[in-house]
Amino acid sequence: MTSPAETLRKEIESDSVYFDYFENKSIEFFDELVDYGIESLKQFEDSYQGQHDSGADFAESLCEDCGYLEESKLPMFIQSNIDWEAVWSKELRFDYFEVDGHFFCSNF
């Protein structure tokens with residue numbers, strides 16, 4: 001019998017969009033995704049937010065992608081002093097999670 005993690009791994013590796021990024025991931029990586037509730041390619045696609053070096057990098061990227069920094073018209077000297085690690089650890093980590101440098105939304 002195939003485990004949910006093995007099934008998820010096969011689904012993701014069969015998708016040409018994700019194959020190059022996830023073909024060498026261990027079964028433990030997929031086990032952890034299953035532990036978070038991701039059991040299908042659809043759930044994976046709905047939750048995947050990309051690869052980032054840290055929670056701080058993810059927080060800044062998310063805010064940039066959403067246009068928050070542009071729309072706020074904050075001067076660069078203020079933007080460059082935002083504590084992105086605090087944004088990640090005190091705000092975003094409740095709605096997102098990280099597995100091996102890859103970030104996912106918990107609400108999929």
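The values are calculated or read from the model by the stated rules, or taken from the named source; none is laboratory data. As the structure is a computational prediction, the values presented were derived from the model and not from experiment. Reconstructed Cβ throughout: ideal geometry from the backbone, glycine too, with neighbour counts over all protein chains shown. Heads up: the accessible areas ignore ligands, DNA and RNA and are worked out on the full protein's heavy atoms, side chains in. Shrake-Rupley method; radii C 1.70, N 1.55, O 1.52, S 1.80 Å.
Some values worked out for this structure:
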| read-out | value |
| --- | --- |
| Percentage relative contact order, the chain, counting C-alpha pairs under 8 Å, at least six apart | 30 percent |
| Residues of type lysines that residue 10 reaches as a straight line, Cα spacing below 19 Å, ignoring anything fewer than 8 places off in the same chain | 25, 42 |
| Spin-label model distance (nm) - residue 68 vs residue 53, 7 Å beyond Cα toward Cβ | 2.1 nm |
| Under 15 Å from the Cα of residue 90 - aspartates and glutamates, other chains or at least 8 residues apart | 57, 60, 98 |
| Carbon + sulfur, % of accessible area of the chain - ligands and nucleic acids excluded, 1.4 Å | 47 percent |
| Pairs of alpha carbons in the chain whose separation is greater than 19 Å (percent) | 48 percent |
| Accessible area (Å², 1.4 Å probe, nearest 10) - residue 21 | 140 Å² |
| Accessible area expressed per residue, region 1-49, with surrounding protein chains retained (probe 1.4 Å, Å²) | 63 Å² |
| Highest-fluctuation residue, 38, 78, 12 considered, GNM on the chain with Cα pairs under 10 Å | 78 |
| Nonlocal amide H pairs with residue 96, under 5 Å, H built at 1.01 Å | 106 |
| 0 to 90° range, to nearest 10: angle between helix 4-13 axis and the chain longest Cα axis | 70 degrees |
